[in-house]
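First up is the structure itself, then whatever we jot down about it.
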Amino acid sequence: MGYTHYWGDHPNGPSFSDNEWSSLQETARRIVRESVTAAIALQWESDQERAPQIDDEVIRFNGVGQNGHETFFLQKSGDWAFCKTARKPYDTPVVAILLAAQALGLKVSSDGSEDPEGVMTKTDDAMLDGALMLHAALNMRA
């Protein structure tokens, strides 16, 4: 059984504006760099040595080898989606990026619980770890 994050804006999927997506791309790049600092290895797929993908259409990555599970795949526009991370190390950058996306209006939930406003919360340290990584990435010098 995996630990799962879910996201989407509405049944037709997330709808980021160009400016929102550009901002999210930059934040995601910083989070990926911060992951290296935190010794969390990321690549395109758990079994493919290719850099994480962050471009005009998608943010995509996984952990490496045994530290990977399902690939995180957030599209600029697409349907509801989910990613089972099984609480592996790459869960922290997944949560950090979803928190940044949530700040832009994306609806996000995770196994654990939600507060009454539907804001993503968790019953363990993953939320705190993701928030700390997002904070570090946003305070990183470009």
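Bear in mind that the values in this text are calculations on the coordinates, not laboratory data. It should be emphasised that the depicted structure is a prediction, and the values quoted were computed from it without experimental measurement. Cβ atoms come from the backbone with ideal geometry, glycine included; neighbour counts cover every protein chain shown.
Determine the gain in length on full extension of the stretch residue 73-residue 51; use 0.36 nm per residue of separation and subtract their C-alpha separation, reporting nm with one decimal. Numbers along the way, then the final one.
Working: separation 22, 0.36 × 22 = 7.92 nm, distance 1.37 nm.
Stretched fully, the residue 73-residue 51 segment lengthens by 6.6 nm.
Taking the dipole about the Cα centre of the stretch 5-102, with the C-beta of Lys and Arg at +1 and of Asp and Glu at -1, give me whichever of 5, 86, 74 is farthest to the positive side.
So the residue we want is 86.
For residue 108, what residues show an amide H to amide H distance below 5 Å, using hydrogens built from the backbone and excluding near sequence neighbours?
120
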